[in-house]
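Written out below as structure tokens is the structure these notes cover.
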Amino acid sequence: MSFEVRAHLVGAGRVVAVDLRADATDADAATARELRDALLGILRAHVGCDEGVAMVAESEAHLQRAALRFPVTTVVTAQGCEQHPTGTGVDRSFSHLLSAFADLASRGAWPRVKVCKNDTCYTAFLDKTRNSSALYCSMACSGQMAIRAYRERKKECAAR
Ligand SMILES: [Zn+2]
């Protein structure tokens with residue numbers, strides 16, 4: 001089976017891309033989907049989405065189990081400390097993803113990694129606002145949600 005999963009994480013000007021290709025099995029694809037879903041739970045909580053907040057404990061537990069399965073190693077140098085992926089093949093890609101999370105967290109950027117609050121958009125983004133208040137990935141999604149809210153208010157007024 002061949003499939004591709006790409007994850008881009010941007011932290012402090014650094015982009016981490018994780019590719020799963022070629023030798024991936026059905027089990028790898030299932031693992032990738034489970035990691036994605038757990039990550040979505042955390043990132044939705046970062047935008048205050050009720051569904052995300054309700055999923056946090058389950059998502060954290062899943063990601064902690066994943067960290068045991070796809071460990072990272074700490075590399076200490078005179079310049080600093082970094083988490084590096086371990087393993088080979090697809091397992092290394094999962095480990096790379098988890099090391100990218102640790103990197104973002106060590107830079108204080110983890111709460112700023114969010115998923116768009118527009119429920120028809122699953123785009124993850126790095127919130128670069130001064131007060132960490134961004135809820136949408138783009139002006140397009142923000143505008144779409146504002147129009148949706150306006151229509152809902154209009155419908156409520158018409159129903160009264
Ligand atoms: Zn969006």
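Read-outs: derived from the displayed coordinates by stated rules, not from any lab. Everything numeric in this text was worked out from a predicted model, so none of it was measured. Note that each Cβ is placed from the backbone with ideal geometry, even for glycine, and that neighbours are counted across all protein chains shown.
Just wondering, is there one or more residues in segment 69-91 that are crowded, with 16+ Cβ neighbours inside 10 Å, in a loop (DSSP other than H, G, I, E, B), more than 16 Å from the ligand (Cβ to nearest atom) and hydrophobic (A, V, I, L, M, F, W, C)?
The answer is yes, given that some residue of segment 69-91 is crowded, with 16+ Cβ neighbours inside 10 Å, in a loop (DSSP other than H, G, I, E, B), more than 16 Å from the ligand (Cβ to nearest atom) and hydrophobic (A, V, I, L, M, F, W, C).
Taking the residues in segment 99-134 that are assigned to a loop (DSSP other than H, G, I, E, B) and away from the ligand (no atom under 16 Å from the Cβ) as candidates, determine which candidate is nearest to the chain's Cα centre (by Cα).
Among them, the one singled out is Ala109.
Please work out if Ser132 is in contact with a helix residue (DSSP H, G or I) (Cβ under 8 Å, 6 or more places away or on another chain) and not basic (Lys, Arg). Give the derivation first.
Values: in contact with a helix residue (DSSP H, G or I) (Cβ under 8 Å, 6 or more places away or on another chain): yes; not basic (Lys, Arg): yes.
It is true that Ser132 is in contact with a helix residue (DSSP H, G or I) (Cβ under 8 Å, 6 or more places away or on another chain) and not basic (Lys, Arg).
Kindly list the number of the only condition in (1) under 25 Å from Ala27 (Cα atoms); (2) touching a Lys or Arg at 6+ places or on another chain (Cβ under 9 Å); (3) of a type in the set (Lys, Arg) that fails for Lys117.
Here Lys117 meets the rest and fails (1).
Considering segment 135-144 alone, what residues qualify as being without any contact (Cβ under 8 Å) to a residue 60 or more places away in the chain and within 18 Å of the chain's Cα centre (by Cα)?
Tyr136, Cys137, Ser138, Cys141
Which one of the conditions (1) farther than 18 Å from Arg36 by Cα; (2) within 14 Å of the ligand (Cβ to nearest atom) does Cys157 fail to meet, given that it meets all the rest?
The number of the failed condition is (2).
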